[in-house]
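Following: one structure in structure tokens, then a few remarks.
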């Protein structure tokens, strides 16, 4: 009887041991599977981000190709130019200014075309102080000969200049010329009528003020009337 009980205990111990061993093995396998799934998920997320970047690049490339296709099929450009004195006010075809004044030119190019170039040489009596293309300042020696590349829609060029202080009465005409692939030269112009500043009147030539009226301090007799001839 005692040996039977010992045998049963040994069987129970063996069975529990086998079960415990199987359970630990299952947990380890599940942990490995979870780690593998996490790695697969990370890879999928990375691939998703790469695909999103590729999609953005493809959309940008598609837009560029559409612009190029439009420019090749039906290129068209127009150019207009205006001028104003100072940095505010109404844009006009013709303005009046004085020597030393600041003037501003505005050039607007509209349409679609490739390899657009712009040439705008100011009259010798005007010195450029600032040039920008779509708000971006342009510096260097080529500010009068600009390569604008592909124009799709609208492009705006601003030129600030100052009239020579020694300029006399004259008319300054500023001409802008543009051209591009499959498009011949087009021009537009703005005019400045320079009027000399009025010279100050010399002191010797100014009219003299009238003499003050005869007045006497309070309490003093006024001037005596003239004595009539007898």
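Just so you know, all these numbers are worked out from the coordinates, no wet-lab data involved. Treat the numbers as computed from the prediction; the structure is a model and nothing was measured. With ideal geometry, Cβ positions are generated from the backbone for all residues, glycine too; neighbour counts draw on all protein chains shown.
The calculated FRET efficiency for the pair residue 96 and residue 63, based on their C-beta separation and a Förster distance of 41 Å, comes to about 0.35.
Distance between the modelled labels on residue 38 and residue 154, one decimal in nanometres: 5.6 nm (7 Å Cα→Cβ projection). Modelled spin labels at residue 130 and residue 48, positioned 7 Å past Cα toward Cβ, are 4.8 nm from each other.
Could you tell me whether region 76-194 comes out rounded, prolate or oblate from its Cα gyration tensor? Rule is a ≥ b ≥ c as square roots of the eigenvalues, rounded for a/c under 1.5, then prolate if a/b exceeds b/c, otherwise oblate. It is prolate, given that a/c is not under 1.5 and a/b is the larger ratio.
Does anything in region 120-145 have its amide N under 17 Å from the 7 Å Cα→Cβ label point of residue 165, and if so which residues? Counting only backbone N, you get 125-129.
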